[in-house]
Each structure stands twice: as structure tokens, then as C-alpha cells.
Amino acid sequence: MSGARPLGTRIAGSRDGDRLLITLQGSLDAMSVSALQSQLYDLAQVHDLIGLGIPVRQIHIDLAGVDFCDAAGLRMLVAARRVAEARQATCHLHGPQPHLRWLLRATRAADLFHLDS
């Protein structure tokens, strides 16, 4: 195992009714988390504005493309859950790789989310 990780973390968002889908790709680590948190907040705000009066009630985060996550990345996911909670919305995690699923369970953070395959 070389330990090398691909550079670049990407975030994208789309809206379907009261559902905000956020797709994360790359590494969730101390180098990327600050920018991702800002983008996550901005996505939620923008999608509120274009939601034509329909508030976001579900935040779905697609993690299938996340190849690395450390404690800073885990804190970002928990922060996303807090954003959802503040909006009286649910927060769902989709497709975490085995290493991320293990991290969520080992830290009991999985209990905070609707965790889907």
C-alpha cells in the first residue's frame, strides 16, 4: 500500500423537491474540509433560494466516490447533519466505502444518520 491519494476533492449538489442531493468525491481530510464545509453551506442556501418556497427536508450525501476520510472529514459529515437538524431535515448517507462505513460505526457516528448502502 503506497499511501498516496488522488488529489482533489469535489462537491456537487442538485435539488429534487424537498430533497437536496450532495455528491462528494475524493478525500475528506483536513486539507479539504474547510472548503467543503463552505460549499456545503452555500449549496444548502442556494437550493433554498431556488426551491420556490419548498424548504429542504432531506439532505442526501452520496459518499460512493470518497476514497479517504479522516477525523476532520468525519467532523464535516457530523456538521452536515447539524445543518440538516437546524432545518428540521433528515440526513442520509449513501454508498460509503467499507473504510468509511467502518469509521462511522467505530465512532458511533453512524447512529446520527440514515445510513444506506
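Overview of values
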item: Filter pass, residue 101 being free of Cβ contacts under 8 Å to residues at least 12 places away in the same chain, open to solvent by 10 Å² or more (accessible area, probe 1.4 Å) and touching a Leu at 6+ places or on another chain (Cβ under 9 Å); result: no
item: Pairs, first farther than 15 Å from residue 90 by Cα and in contact (Cβ under 8 Å) with a residue 40 or more places away in the chain in region 15-28, second open to solvent by 40 Å² or more (accessible area, probe 1.4 Å) and among the hydroxyl-bearing types (Ser, Thr, Tyr), C-beta under 9 Å, six or more apart; result: 23/14; 24/9; 25/9; 26/9; 27/9; 28/9
item: Positions within region 81-112 being under 19 Å from residue 11 (Cα atoms) and in contact with a strand residue (DSSP E or B) (Cβ under 6 Å, 6 or more places away or on another chain), in sequence order; result: 81, 84, 91, 92, 93, 94, 95, 96, 100
item: Qualifying positions in region 80-98 - assigned to a helix (DSSP H, G or I), out of contact with any Phe, Trp or Tyr (no Cβ under 8 Å at 6 or more places or on another chain) and open to solvent by 20 Å² or more (accessible area, probe 1.4 Å); result: 82, 85, 86, 98
item: Region 1-55, subset at pLDDT below 80 and of a type in the set (Asp, Glu), residue least open to solvent (accessible area, probe 1.4 Å); result: 48
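The values are calculated or read from the model by the stated rules, or taken from the named source; none is laboratory data. A quick note: this is a predicted structure, and the numbers were derived from the prediction, not measured. When we count neighbours, we look across all protein chains shown, and the Cβ atoms used for this are built from the backbone with ideal geometry, even at glycine. Surface accessibility is based on the protein's heavy atoms, side chains included, excluding ligands, DNA and RNA. Shrake-Rupley method; radii C 1.70, N 1.55, O 1.52, S 1.80 Å.
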